[in-house]
1. When you look at residue 214, is it outside any strand (DSSP E or B) and either crowded, with 23+ Cβ neighbours inside 10 Å or in contact with a strand residue (DSSP E or B) (Cβ under 6 Å, 6 or more places away or on another chain) (or both), yes or no?
2. Looking at 340, 374 in this structure, which one is surrounded by 15 or more Cβ atoms within 10 Å (Cβ to Cβ) and not in a helix (DSSP H, G or I)?
3. Cβ contacts < 6 Å: first residue farther than 18 Å from residue 363 by Cα, restricted to the range 147-166; second residue not in a strand (DSSP E or B), any location; separation 6+ or different chain. Result?
4. What is the one condition in (1) modelled with pLDDT under 95; (2) within 26 Å of residue 338 (Cα to Cα) that residue 396 does not satisfy?
5. For the range 234-264, which positions are part of a helix (DSSP H, G or I), closer than 14 Å to residue 198 by Cβ and in contact with a strand residue (DSSP E or B) (Cβ under 9 Å, 6 or more places away or on another chain)?
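The values are calculated or read from the model by the stated rules, or taken from the named source; none is laboratory data. All values reported here derive from a predicted model rather than from experimental measurement. Reconstructed Cβ throughout: ideal geometry from the backbone, glycine too, with neighbour counts over all protein chains shown.
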């Protein structure tokens, strides 16, 4: 049962209350009888025991309005003819080399012989240790278990609705082709967190943001659930898991604009405090970001927020609001537009214009229900300390999207 934090607007007294999600929020201060405001304390927002997130949502099957036939899982076929060739594989390897170039090569050329020994001797030791571990059969597989590393994939066929087959895909990790173990059509219901920037200087109105959120309540399928969080310096729960448009409409009346956007902290909290408790029973998870991508003041870095999303297979979609900074230089973090691009592309999602929220909501909900697959593979030559670049291609006429990297398993 989660612990909620309330703060009195009049005397400033803070209360922590353990409540069920069905309990009405507290409204009156016990000390001065002033108005209480619900807070989100990251340390106090807990999910324990066999509560709602286990019994109601963690493993839920879909009663979906579009009933699917049994999920199709295929195995690889050696007889399948690949459109790829040795030249394509060579180009992919070159792509990884180009995209992983650093500045160290030039630095090494200018080193003295003694400096080179100091650099290469530790590297040689690490290489030798890695070889020993590989020969002993040790291999870290990130979040792999008996089924291997599991990745969420969005796949569509240009002509026809026939499900994509395993033998139509090729997966590369750090430029090395991997053997796909399973590729299964996922018809399970979605769990979607709507993360709304309600900071003071955002270039849109509260009414338009509420309207955008409401569009998702009209487009989700039977079995899908929405969780709404608004953030400025702190993330605030607007509405817990629901599929009820009327309930959501009432909750959205609490939206207001104030403070600065701590986007990366809000992303981290959304994954760790809202989505992670649903796992591993729920795999179809997504964050829909309604924002311009600006962050001012988060303790969480952009790289850490993105790595957490990738590690938990959470897909990010965005309804992109115009950049309030006009593309101004950001010293330590990407520019707002680049944040949106890297979050969506890095997790296998998409970005949409905020100007047409109904179109965006329909596209996102349809994609999660109709075009979502689960891919698993047993990675080879895997290091626990390296970011593993992922690249998936399909036969002609097949479009695929997935996260671009698997973060290191050792932090």
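1. Values: outside any strand (DSSP E or B): yes; either crowded, with 23+ Cβ neighbours inside 10 Å or in contact with a strand residue (DSSP E or B) (Cβ under 6 Å, 6 or more places away or on another chain) (or both): no.
When the stated conditions are applied, residue 214 does not pass them.
2. Numbers: 340 fails: not in a helix (DSSP H, G or I).
Residue meeting the stated conditions: 374.
3. Qualifying pairs under 6 Å: 148/378; 149/141; 149/142; 149/379; 163/72; 166/76.
4. Here residue 396 meets the rest and fails (2).
5. Within the range 234-264, the subset part of a helix (DSSP H, G or I) is 245-254, 263-264.
Applying the additional criterion that residues be closer than 14 Å to residue 198 by Cβ yields 251-254, 263.
Passing the criteria: 251, 252, 254, 263.
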